[in-house]
Structures are given as C-alpha cells and as structure tokens.
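The values are calculated or read from the model by the stated rules, or taken from the named source; none is laboratory data. Computed from a predicted model, the values in this text were never measured in an experiment. Glycine also receives a Cβ, built like all others from the backbone with ideal geometry; neighbour counts cover every protein chain displayed. SASA here: full protein model, heavy atoms, side chains in, ligands and nucleic acids out. Shrake-Rupley method; radii C 1.70, N 1.55, O 1.52, S 1.80 Å.
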Amino acid sequence: QVQLVESGGGLVQPVGSLRLSCSVSGIIFRTNAMDWFRQAPGRQRELVATISSGGSTNYAESVKGRFTISRDNANNMALLQMNSLQPEDTAVYYCRLATVLYTYWGQGTQVTVSS
C-alpha cells in the first residue's frame with residue numbers, strides 16, 4: 001500500500017532552520033507532484049509548498065524566500081528546507097501525494113518554534 005512518512009520535525013529557536021523529509025513507498029514517485037501542508041492549533045490545514053513531477057515549485061506567500069521544497073526521485077523523497085523560522089511557523093507539517101483518483105497523506109511531524 002502507499003505510505004508517506006514524514007521526519008525531521010522538532011523544537012527550534014526563532015530564526016533557526018529545520019529540514020523535513022517525506023519518504024514515499026508503494027507508488028511511482030517520480031511522476032507525481034508532492035505537497036507540504038501545515039496545521040496550527042485551532043486553524044485550518046494550509047498549503048505551504050508544491051513541487052511538480054518536473055520540479056516546478058510554488059509557495060505560500062508566508063513562506064516565500066524562507067522555505068525551499070525539493071524532491072529526490074532516486075530515493076522517493078520530498079524535502080522541505082525551512083530557514084528563518086518564526087513562532088508562527090509552529091504547526092504539524094504533513095506531506096501529501098494526490099493522484100487523479102486518490103490522495104495520500106503522511107502522519108505529520110511537529111515543528112515548534114520557540115525560545
């Protein structure tokens with residue numbers, strides 16, 4: 001079955017950095033776009049970044065210039081490099097793979113930005 005497993009979350013001080021990873025199995029990875037979402041307490045889940053199968057990227061305005069999404073097709077992984085983190089970036093981060101028929105989510109990884 002298809003599995004998405006996130007890792008790399010944790011506690012970081014403001015202006016620090018983290019790199020999240022999403023390992024994908026059970027599906028042909030290289031032909032699918034990948035997304036990163038986040039959900040803060042009491043708020044709706046929001047799209048953070050997208051990378052197409054060809055490597056084109058899009059970002060939410062709130063993370064442009066600070067976050068970078070990339071993909072490693074050889075290892076079936078999507079990555080999210082997060083720099084200049086701020087307390088408002090605190091959330092559970094999820095990766096998502098959506099095909100024409102199905103949508104798959106990881107279990108999420110907590111990112112907490114606090115001094």
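Taking the conditions exactly as written (within 26 Å of V113 (Cα to Cα) and either touching a strand residue (DSSP E or B) at 6+ places or on another chain (Cβ under 9 Å) or without any contact (Cβ under 8 Å) to a residue 60 or more places away in the chain (or both)), does V48 satisfy them or not? Don't jump to the end; show me each part of the working.
Values: within 26 Å of V113 (Cα to Cα): yes; either touching a strand residue (DSSP E or B) at 6+ places or on another chain (Cβ under 9 Å) or without any contact (Cβ under 8 Å) to a residue 60 or more places away in the chain (or both): yes.
For V48, the condition - within 26 Å of V113 (Cα to Cα) and either touching a strand residue (DSSP E or B) at 6+ places or on another chain (Cβ under 9 Å) or without any contact (Cβ under 8 Å) to a residue 60 or more places away in the chain (or both) - is met.
Restricting segment 1-24 to residues that are of a type in the set (S, T, N, Q) and within 14 Å of R71 (Cα to Cα) leaves a set whose member that is most open to solvent (accessible area, probe 1.4 Å) is S23.
Yes/no per residue for (1) in contact with a strand residue (DSSP E or B) (Cβ under 9 Å, 6 or more places away or on another chain); (2) in a loop (DSSP other than H, G, I, E, B); (3) modelled with pLDDT of 95 or more:
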site	(1), (2), (3)
V5	yes, no, yes
L11	yes, no, yes
P14	yes, yes, yes
R19	yes, no, yes
S23	yes, no, yes
F29	yes, yes, no
N32	yes, yes, no
R38	yes, no, yes
P41	yes, yes, no
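Exactly one residue among T31, T50 is farther than 16 Å from G106 by Cα, of a type outside the set (F, W, Y) and out of contact with any Phe, Trp or Tyr (no Cβ under 6 Å at 6 or more places or on another chain), and that residue is T31.
Residues in segment 89-109 that are touching a residue at least 24 places away in the same chain (Cβ under 8 Å), farther than 17 Å from S23 by Cβ and open to solvent by 60 Å² or more (accessible area, probe 1.4 Å): 1 in all. For segment 51-65, filtered to residues that are in contact with a strand residue (DSSP E or B) (Cβ under 7 Å, 6 or more places away or on another chain) and more than 14 Å from M34 (Cβ to Cβ), the residue that is most open to solvent (accessible area, probe 1.4 Å) is A60.
A residue that is within 18 Å of G9 (Cβ to Cβ), in a strand (DSSP E or B), at pLDDT 95 or above and not β-branched (V, I, T) occurs nowhere in segment 52-64.
Run down S70, S84 and say which single residue is modelled with pLDDT of 95 or more, touching a Ser or Thr at 6+ places or on another chain (Cβ under 9 Å), surrounded by 13 or more Cβ atoms within 10 Å (Cβ to Cβ) and assigned to a loop (DSSP other than H, G, I, E, B).
Values: S70 fails: assigned to a loop (DSSP other than H, G, I, E, B).
Going through S70, S84 in turn, just one is modelled with pLDDT of 95 or more, touching a Ser or Thr at 6+ places or on another chain (Cβ under 9 Å), surrounded by 13 or more Cβ atoms within 10 Å (Cβ to Cβ) and assigned to a loop (DSSP other than H, G, I, E, B): S84.
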